[in-house]
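Asks: Before I ask anything, let me first share the structure, which is written out below as structure tokens.
The numbers here are math on the coordinates, done by the rules we state, and not lab data. Computed from a predicted model, the values in this text were never measured in an experiment. As a convention, Cβ positions derive from the backbone with ideal geometry for all residues, glycine included, and neighbour counts pool all protein chains shown.
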């Protein structure tokens, strides 16, 4: 009972109360499954990071073969910038496949390509049917700039194991980087034949199209019509968005961790709130969500209909939020170019922005669309930009490449973002 109560309180970001409920749960039964992990996550929300690390270390000593524990522990070490301890837990654990895959994944994220490749190659040598190891070899070859080898490895994996839409889209990356957009387009088309709304395949296909200059990118992304901004009216009880956003920005302060970004996030030089923001029931966020609901509904109604278009064909009256969070960037911070593979409509709402964004020539802190994360010689990498303004909501297809221009300012750039998915 207390454990369920703690989970509910955590979702509402009542973290101190959640911790008290966990104390009660432990007093009743200290052997409850997941109790230690829930405590560690709650302590992180309270910025009590050393206590959370101590729990992870105790649990790892008790169950050294748990890959989830190793991932959570090392993700927290990364978040705290404790590079001396990062990944060492894997060396103290059993050298089984699951832990080695976890370590290789994090090594690759840290651009320690040679070490990651050695692990993947070793696992593939142990078992020639290990699909994850074979894919890992191909992905790291791509990261190392060995594009022809990576593509050959992906083709071998697809021949022996088959592939889903995600794998086809990943295989398209070295094809693009190797200067073969036709091959990349074919791979994406194979993935879309299996999953017509695959965000990753659509994102990679848009880049292949631009390299081929076949016009599909413009049809797919419609940068002028599918990227829209809405300057929202003040929520009920507020005379201006300036007053509302000032209070909202302050209320978000306690939700942002006092650390760096997480290892798997698109932002650099900032923080992101954990969990799903909208269901937390925070009063000011709830007021803002009412205005966001109205804008999203209007955006969907005005989309138009096209049964052949991957975005417009999903249009319907009902929708839900698949995820929501707040991001805060500090001086020199930015979002790397990325897309949201599991969404339909993605977003950015500006709560607070630095004065640097007023420079229309440098476009510091502006959101940009169309530029991929891949280093390609595209004729026009950025297809559209929008200036951040407090109270402005920007909506766009989730499969569209987007990122932000770094800014230099002492003031932070605070946003709320979410992904929308259609409901049948």
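Asks: Per q in 0.14, 0.19 1/Å, what log10 I(q)/I(0) does a Debye calculation on the alpha-carbon atoms of the range 2-219 return?
Replies: The Debye formula, applied to the Cα set alone, gives -0.94, -1.17.
Asks: Distance between Cα centroids, the range 15-41 to the range 295-350: provide it in whole Å.
Replies: The two parts, judged by their Cα centres, are 36 Å apart.
Asks: Using packing as a proxy for protection, rank 404-411, 238-245 so that the peptide with the highest average count of other Cβ atoms within 10 Å comes first. Numbers along the way, then the final one.
Replies: Working: 404-411: 17.6, 238-245: 15.9.
Going from most to least packed, we get 404-411, 238-245.
Asks: Now for a different question. If I take every Cα pair under 8 Å that is 6 or more residues apart in the range 110-246, average their sequence separation and divide by the length, what percent do I get for the relative contact order?
Replies: Details: 145 pairs, mean separation 18.7, N = 137.
Relative CO of the range 110-246 lands at 14 percent.
Asks: Further question on the same structure: Using alpha carbon centroids, what distance separates the range 356-424 and the range 136-172, in Å?
Replies: The distance from the Cα centre of the range 356-424 to that of the range 136-172 comes to 29 Å.
Asks: Would you list the P(r) distribution for the range 117-219, with all Cα-Cα distances sorted into 10 Å bins from 0 and each bin expressed as a whole %?
Replies: Going from the shortest bin to the longest, the percentages are 17, 46, 28, 7, 1.
Asks: As a footprinting exposure proxy, order 130, 253 by other Cβ within 10 Å, with the fewest listed first.
Replies: Details: 130 18, 253 9.
Going from least to most buried by this count: 253, 130.
Asks: When N counts the residues of the chain, how does its alpha-carbon radius of gyration compare numerically with 2.2 N^0.38 Å, as a ratio? Numbers along the way, then the final one.
Replies: Details: Rg = 22.7 Å, N = 424, 2.2 N^0.38 = 21.9 Å.
Dividing the Cα radius of gyration by 2.2 N^0.38 Å gives 1.04.
Asks: Within 10 Å, count the other beta carbons around each residue, average over each peptide in 342-354, 379-391, and list them highest first. Don't jump to the answer; show the numbers that get you there.
Replies: Working: 342-354: 21.8, 379-391: 16.6.
Result, highest mean Cβ count within 10 Å first: 342-354, 379-391.
Asks: For the range 277-424, with equal point scatterers placed on the C-alpha atoms only and solvent neglected, what are the log10 I(q)/I(0) values from the Debye formula at q = 0.10 1/Å, to two decimals?
Replies: Calculated log10 I(q)/I(0) at the listed q: -0.37.
Asks: Take each of the peptides 367-376, 322-331, average the number of other beta-carbon atoms within 10 Å over its residues, and list them starting from the highest.
Replies: Numbers: 367-376: 17.8, 322-331: 20.2.
In decreasing order of mean packing, 367-376, 322-331 become 322-331, 367-376.
Asks: Kirkwood Rh over Cα pairs of the range 82-151 into Stokes-Einstein at 4 °C, 1.567 mPa s: D in µm²/s?
Replies: On the way: Rh = 12.3 Å.
So the translational diffusion coefficient is about 105 µm²/s.
Asks: Let me ask another. How much FRET efficiency would the formula 1/(1 + (r/R0)^6) give for residue 306 and residue 161, where r is the Cβ-Cβ distance and R0 is 45 Å, rounded to 0.05? Could the numbers behind the result be given before it?
Replies: Values: r = 35 Å, r/R0 = 0.77.
The value I calculate is 0.80.
Asks: Let me ask something else. Report, in deg cm²/dmol and to the nearest 500, the calculated mean residue ellipticity at 222 nm for the chain, where each DSSP H run with n ≥ 4 adds -39500 (n - 2.57) and the sum is divided by the residue count.
Replies: Values: 17 runs with 205 residues, N = 424.
So the helix-based figure for the chain works out to -15000 deg cm²/dmol.
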